[in-house]
Structures are given as structure tokens and as C-alpha cells.
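Below is one structure, written out as C-alpha cells; comments come after it.
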Amino acid sequence: MTKGKSIFLLTVVCVLLAVLAAATFIRFPMGTKDFNSILGAISLDYDIAGGSAYTVSLDKDNTEEIENVNDVMDILRVRMDALGYKSYQMTAVKDTADGVKDYSIRVVAKTTDNLTSDVQTVFKYGQVKFFGGTEQNPTTQIMADDKAIETSEYVGSYVDTNNKNVYQVSLKFTDYGYDALMDSIGDNSTYYLKITLDSESDPLLNASISKDSVSDKTVYITAQTEEEANRLALQLKTGGLKYKYDLEDMTVETIAPVLGENTPLFLIIAVAAVLVAAIAFFTVRYKGYGLIAGLSLLFFILVETSMLIAVPGITLSLGGVFGMVLASILAVDGLFIVAKRFGDEYANGKTVKAAVKTAFDKSFLGILNTNVFALIVGLLLFAFSTGAIYNFAVTFSIGVVVSFITTVLIARMFTVLILPLLNKAESFLNLKRTDA
């Protein structure tokens, strides 16, 4: 590659990196609006940005004695998971009042517009009951709740004739439930189905149906929002708790970030410190290779950060930050393997150009094996974990992929572009012959 071409391509790449860096860290005006930096657009979890804590106690009208509070919490966790919460904290708090044996339950999560409604859904009391009739407020119970429903889930949305989004929940009956429903409808052209949980005055469903509207033992129910549809699907599928909690007197408090109000800044400094330390190591050990490592690691952190908003559904927690740091260490390890191979190949008599090519070629398989193993671990954690470990798995898995690209492609590109600009490339990379 000629020096002129190398300068041109290196300039283009560095400009692109500078633009991405500006978009990542800097807010600036764009016409009548402000551009919110990529860093500022990242969704932060409660341990970084703060959240809300809900404390729920047993209602005075509760009649079912709780034998094991851990069993209750297991049910509550399943319900929180079903509503899409991957990072939250749930603890049982012993009531300190004399003679009281019950536990209050405390839930901490990221504050959202839907959190209060979701917590109330999770703690909802009662059994699913089915009523039917030819009136709009049917009162005849037509089937037993514990045998009627096979499954219920949110299936998506569509735009109705009024150009509004409608969100659908599929309610599939068991053979018993389907037969009971069909028998109840009979020859009626219009039949009203009401499904309740705790209060008959506040039904989950109250709609007119017909035999033709029941397809493959399934009835489709509509909701106004996706969040409402998910809550409805959960309540229909799992019913309510058999223990009654007092949701009206539920206490809500604001939770500060784990490391205080400056937690996001502290985390940025911590990640930057890891990268600066790595670049300093490469500069001391391999001289000019520190520049190559620095540009490569800058690419890594910018792309990894961008993925936090490019990939839907990512909420960054402390576990996620740790995943990013560990992935960056993986990138540093790959860059170190390549640098060491530079020295070995040059020491054995190869030219600088040949040593660079051979170093990357011979390092590829080892780096690939390490990254594949790390990715498998990350994906397994992603599939089978929740909370902080889940957040770690997400950022670590993405980081492993970006780390591999950084080491085998980006670092090689910078090396190839920089070498033609040097009069003494071996001195720049701190390369020495064995007999020197």
C-alpha cells in the first residue's frame, strides 16, 4: 500500500471514529432539537439510575395461612419474569410487631410508567372464574377455573379500522373448558362471557362472543396497550395469589443509585481507567503498538456502547457494566497475543510486513477458540439467568463478538494502515532480532 493511500484511508477511518465518539459522548443542537448522546440514551437500571421500592403487607382479611414465604416469593418472581422484568430485587421483611408472624414483601425495580400496575398485577389475589349468559352482565358460573385454561399469551398487535393499534391476547381452553363454553353458548347467536379474578365488578373480560369467534378452542381478547395485554395474559394464565395482600396501603419509596447520584459518572471513569491502563501497558511494552491498541479499543468501546441502544430491550445495570469490562479485558488479551506474536515472528527472521501478516494469521485460531468459549458461556447465562447475571450475560455476549472483530479485523486494519507511514517500523513496534 502506498503512503498516500494509507494516509487517506487512515484519515477517513479516524474521522468516522471521531464522529462516532462525538455522537456517543456529546449532546449538541440539531435544528430546533437537541441530539441526545448515545451515552445519554442508554436505558439505566435501578442500581445505576435509581428506582422504586414497593412494600406490600398481608391484608387483614387474608384467611389463608402462609406456611413458607419463600414459596410465595418464587411465585411472585415467576410473575415478574413473565411481565418482562429481568432485573429487580425481591426480599421478605419480617414484621416486628409483637405477636405478628407474617412477612411483608419488598420489590425494588427501575421506575417506569407501568411499574405500579405491574406490581399490583403480580400481587393480585383471587381465582379465575367464568360466567356466562345472554345478558351483558352474566352471573351464571359455567366452568371450574383450575381446569379450563390451557394457555394464555400476548400474540401481537394490529391496526383496526379506526387506524388504532389493538393488542391481542390468545386464550386457549382445555378440552373441558371448550366443551363447557360451547355447551353454554348453545344455539344463542349472541353470548356474553365474563371472566373475573377477585372482584366480579372489575372483570378481566366482559365481551360478546359466538361459536364462530372461537377458533381452535381459542378466544382472542383485545387490550389498549402492550403492557395491559401482557398483564391480562399473565392473570388469565396463572390466576391470582391465594394469599390476599393489601394493595391499597402498599408503600412506595424512591431508591437512590447504589453508588449515589454520581453512579453513572463513576462507572464511565472506571471503564475509561481500564482502557487507559491497557493502552499504557501496550505503550510501555510495545511502544507504538500502544497507538494501534488505543484506536482498536476506542472502536471497541464505541461500538459496544452503541449496541446498548441498537439492540432492543437492553437496560444497563452494574452487572452489565461488569460484562462490558470483562469483554474489554478479552479484547486486550487478544491484542496482547497478536503483539507477542509480532515479536516472535520478527525475532525468527521475518520482515516486519511478513511478521505482521503471520502474527495475525497464526493468532486467529487461538483468539477464535477463546471468544467462542466465552460466547457460549455468555449465551448460556443469557438463557438461564435473571437479574444482574442476565444483564452481565447480555453485555458480555455482545462484547465478545465486538472484541473478536476488534482483535482480528480492526487492529489488523490499523496496523496495515500505519506501517507504510513509518521509516523504522521495527522500532515503532519495539521488535528485535534474536541475535541482536
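The values are calculated or read from the model by the stated rules, or taken from the named source; none is laboratory data. No experiment lies behind these values; they were computed from the predicted model shown. Neighbour counts are summed over all protein chains in view; Cβ atoms, including those assigned to glycine, are modelled from backbone coordinates with ideal geometry. When the accessible area is computed, the model is the full protein with side chains, heavy atoms only, and any ligands, DNA or RNA have been set aside. Shrake-Rupley method; radii C 1.70, N 1.55, O 1.52, S 1.80 Å.
Annotations for the structure displayed:
- FRET efficiency, D61 to Y220 (Cβ-Cβ, R0 51 Å, nearest 0.05): 0.90
- Once backbone amide H atoms are built at 1.01 Å from N, V93 has S104, I105, R106 as its partners under 5 Å, excluding neighbours fewer than 5 places away on the same chain.
- Accessible area expressed per residue, the chain, with surrounding protein chains retained (probe 1.4 Å, Å²): 52
- If the segment from S189 to A41 were pulled out straight at 0.36 nm per residue, it would be longer than the present Cα-Cα gap by 48.0 nm.
- Helix 226-238 axis, angle to the chain major axis (alpha carbon atoms, nearest 10°): 60
- Here the 3J(HN,Hα) profile of the range 213-224, calculated from phi with Karplus coefficients 6.51, -1.76 and 1.60 at θ = phi - 60°, is 7, 9, 10, 6, 6, 10, 10, 9, 10, 10, 9, 7 Hz, Gly and Pro shown as x.
- Here the contact order of the chain, divided by its residue count and restricted to Cα pairs under 8 Å and six or more residues apart, works out to 20 percent.
- Label separation (T151 vs V19): 4.6 nm, computed from points 7 Å beyond Cα along the C-beta direction.
- Taking 15 Å as the straight-line reach from the Cα of K86, the aspartates and glutamates in range (excluding those fewer than 8 positions away in the same chain) are D45, D47, D74, D118.
- For the range 382-436 versus the range 311-373, the spacing of their alpha-carbon centroids is 4 Å.
- The long axis of helix 289-310 is offset from the longest Cα principal axis of the chain by roughly 20 degrees.
- Peptide packing: for 5-15, 233-243, 289-299, 357-367, the average count of neighbouring Cβ atoms within 10 Å per residue gives the ranking 289-299, 233-243, 357-367, 5-15, highest mean first.
- Alpha-carbon centroids, the range 194-257 and the range 49-99: separation in whole Å: 19
- Acute angle (nearest 10 degrees) that the helix 175-185 long axis makes with the longest principal axis of the chain, alpha-carbon atoms: 50
- Gain in span if fully extended, S385 to D202, counting 0.36 nm per residue against the direct Cα distance: 62.3 nm
- Theoretical FRET efficiency, 1/(1+(r/R0)^6), r = Cβ-Cβ of T11 and A280, R0 30 Å, to 0.05: 0.70
- Long pairs among K129/K237; K147/K237; K287/K424; K3/K340; K172/K211; K172/K194, criterion Cα-Cα beyond 18 Å: K3/K340
- With the gyration tensor restricted to C-alpha atoms of the chain, the semi-axes of the equivalent ellipsoid amount to 58, 25, 20 Å, longest first.
- Taking amide H as placed 1.01 Å from N in the peptide plane, the amide H of N430 sits under 5 Å from that of G288, each at least 5 places away or on another chain.
- Per-residue Karplus couplings for the range 110-120, computed as 6.51 cos²θ - 1.76 cosθ + 1.60 with θ equal to phi - 60°, are listed in order as 5, 6, 9, 5, 9, 4, 4, 5, 5, 4, 5 Hz, Gly and Pro entered as x.
- Close amide H contacts of L205 (hydrogens built in the peptide plane, cut-off under 5 Å, sequence separation of 5 or more or a different chain): I195.
- Apportionment of accessible area to carbon and sulfur, the chain, percent (1.4 Å): 55
- Beta bridge orientation in the chain: antiparallel %, DSSP, nearest 5: 95
- Solvent-accessible surface (1.4 angstrom probe) belonging to T111, in square angstrom, nearest 10: 80
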